[in-house]
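Notes for the one structure printed next.
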Amino acid sequence: MSAAPRPAVHVVLDPGVPAYGRKGCSVHVQGVLRRLVARSGGLPVHLVAARLGGEAPDGLGGVLVHELGRPRADGPAAAERALTALDERAALLVEDLVVGLERLGAGAPVVYQRYGLWSAVTLERARAAGATTVLEVNAPLVDEQARHRVLLDEEGAVALSCRAMRAAHAAVAVSGAVATWARELSGAPVTVVPNGVDAERFGPATGSGAGPGAPLLVGFVGTFRPWHGLELLVDAAASLVGTPDAVRLLLVGDGPTRGQVLARAAAAGVDVVAPGAVAPAEVPALLAGCDVAAAPYPAGEAYFSPLKLVEYLAAGLPVVASAVADVPRLLHDGREVLLVPPGDAAALAGALRRLVRDPALRGRLAAAGRDAATTRFSWDDVVARTLAAADAARAADGALAGGRA
């Protein structure tokens, strides 16, 4: 039985997440938004965002957009105050939207917010206005801000984060580590729902067309940052240069370490194609032209749910990935993916060598990985599980309130 149509408001107040941009987080937002549209039955779906970062992608032209603007501030203290003020503005808007959507008579609208620092009032007012509320927690943002950027009012950031998690009928986290962090911070129940993929966007990979003895093309799509392990991938490929198992690399994306990664590859004689950042719509065709894909994460703290990994699987590519975070629990090593220890360039090179030498293994991994992506990691399943958790929590609240009465 299909779910009843319901209107929705998707809220993205983190100015570092352009809702219609090219970043991985943007792809995540768009995946969720498409599923909210698909489940709306033609009822209104709104997007309330700090910034868009681009035109409406395919399938999202009918979304009613409210771009609040990226806050401008002089210094960290002013930036924190500006983001709190942004939350207040968003709260007034979302409250009005919820009241208007309720008048349609289609039941309680969904307010599905991506967790961002300095925001709690929006979700609190949405819930008070009658919405079914969801908070999607993608990272331990308080810790990230304190460790990698500047966080002056940590106590205030923690307090607002706790309020947001408690204002949600369902708080969902993309990985077990993120869920543990959120539970310990707030005391609220948090459900783990890994990242998904729009598998229908990806056709079966055709490969690079490399003939016998020609180097296979190994693809990577993402931001050039230290925690994505591109140096490891370059070093692994470098160890294969001049051997029958040599590979070429397709490195799609941009970022602060791009120059040094490409210089490292050039110095080692690794054949690299690096087209820079591309629109999400261009990614499927680029992956289709690869023979293998790599997710080479380094050693260290890992709490994410790799979006690129499920996209590689959906593209029908055999994948080599570091065994980080929840990946070993979510995917079967040797059947759906080849897992290697994080930070181990020699093990990564060994896995690539194995794939070069064994076309049958490449075929088995590609088929099993594609099946996993389509049956276990669809955005439709992600949103359905999330909304089911929110609806169950709301029903339990109602039953409890009725019992008290």
Taking N as the number of residues in the range 121-246, what is its alpha-carbon radius of gyration divided by 2.2 N^0.38 Å? 1.57
Just to be sure I understand: with springs between alpha-carbon atoms less than 10 Å apart, which residue in Val17, Val150, Val278 has the highest mean-square fluctuation in the Gaussian network model of the chain? Val150
Cα-only Debye scattering, the range 42-102: base-10 log of I(q)/I(0) at q = 0.23, 0.26 Å⁻¹: -0.98, -1.09
Here the net charge surrounding Asp254, from other residues whose Cβ is less than 12 Å away from its Cβ (Lys, Arg +1; Asp, Glu -1), is +4
Could the peptides 255-268, 194-207 be put in order, highest first, of the mean number of other beta-carbon atoms found within 10 Å of their residues? 194-207, 255-268
Cα convex hull of the range 188-325: how many Å³ per residue? 122
Within the range 350-379, whose backbone N sits under 15 Å from a point 7 Å along Cα→Cβ of Arg335? 364-373, 375-376
With a 1.4 Å probe and every protein chain left in place, work out the accessible area per residue of the chain in Å², rounded to a whole number. 41
Surface accessible to a 1.4 Å probe, Trp227 within the full protein complex, Å²: 130
Grab the Cα-Cα distance for Val65 and Ala396, subtract it from 0.36 nm times how many residues apart they are, and report the gain in nm with one decimal. 115.9 nm
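Calculate what fraction, in whole %, of the accessible area of the chain sits on carbon and sulfur atoms when a 1.4 Å probe is rolled over the protein chains.
54
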Any chance you could tell me what percent of the C-alpha pair distances in the chain go past 35 Å? 30
Could you please report the charge total around His332, scoring K, R as +1 and D, E as -1 over all other residues with beta-carbon less than 15 angstrom from its beta-carbon? +1
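Using a Förster distance of 35 Å, how high is the FRET efficiency between Glu154 and Asp371, based on the Cβ-Cβ distance and rounded to 0.05?
0.20
Pull out a ≥ b ≥ c, the square roots of the eigenvalues of the alpha-carbon gyration tensor of the range 84-174, then state rounded if a/c is under 1.5, prolate if not and a/b is larger than b/c, and oblate in the remaining case. Intermediate values should be presented prior to the final figure.
Numbers: a/c = 2.96, a/b = 1.98, b/c = 1.50.
Verdict is prolate for the range 84-174.
With N residues in the range 1-122, what two-decimal value do you get for its Cα radius of gyration over 2.2 N^0.38 Å?
Compared with the compact-globule rule of thumb, the range 1-122 sits at 1.07.
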With DNA, RNA and ligands ignored, accessible area of Leu83 (1.4 Å probe; Å², nearest 10): 40
Rounded accessible area of Glu184 (nearest 10 Å², 1.4 Å probe): 150
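Restricting everything to alpha-carbon atoms, can you work out Rg to Rh for the range 173-237 with a Kirkwood hydrodynamic radius? Can you show the working numbers first?
Numbers: Rg = 18.7 Å, Rh = 16.1 Å.
On the Cα set of the range 173-237, Rg over Rh gives 1.17.
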Enter the Cα centre distance for the pair the range 247-318 and the range 178-204, rounded to the nearest angstrom. 22
Give the relative contact order (percent, whole number) for the chain; include only Cα pairs under 8 Å separated by 6+ residues. 15
Report, by chain and number, residues whose modeled amide H sits under 5 Å from the one on Val273, excluding near sequence neighbours (fewer than 5 apart, same chain). Leu249, Leu250, Leu251
If r is the Cβ-Cβ distance from Ala266 to Arg354 and R0 is 25 Å, what FRET efficiency results, to the nearest 0.05? 0.45
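The values are calculated or read from the model by the stated rules, or taken from the named source; none is laboratory data. Since the model is a prediction, treat every value here as computed from it, not as a measurement. Quick reminder, even Gly has a Cβ in these numbers, built from the backbone with ideal geometry, and neighbours come from all protein chains shown. Just the protein is used for accessible areas: all its heavy atoms, side chains included, with ligands, DNA and RNA removed. Shrake-Rupley method; radii C 1.70, N 1.55, O 1.52, S 1.80 Å.
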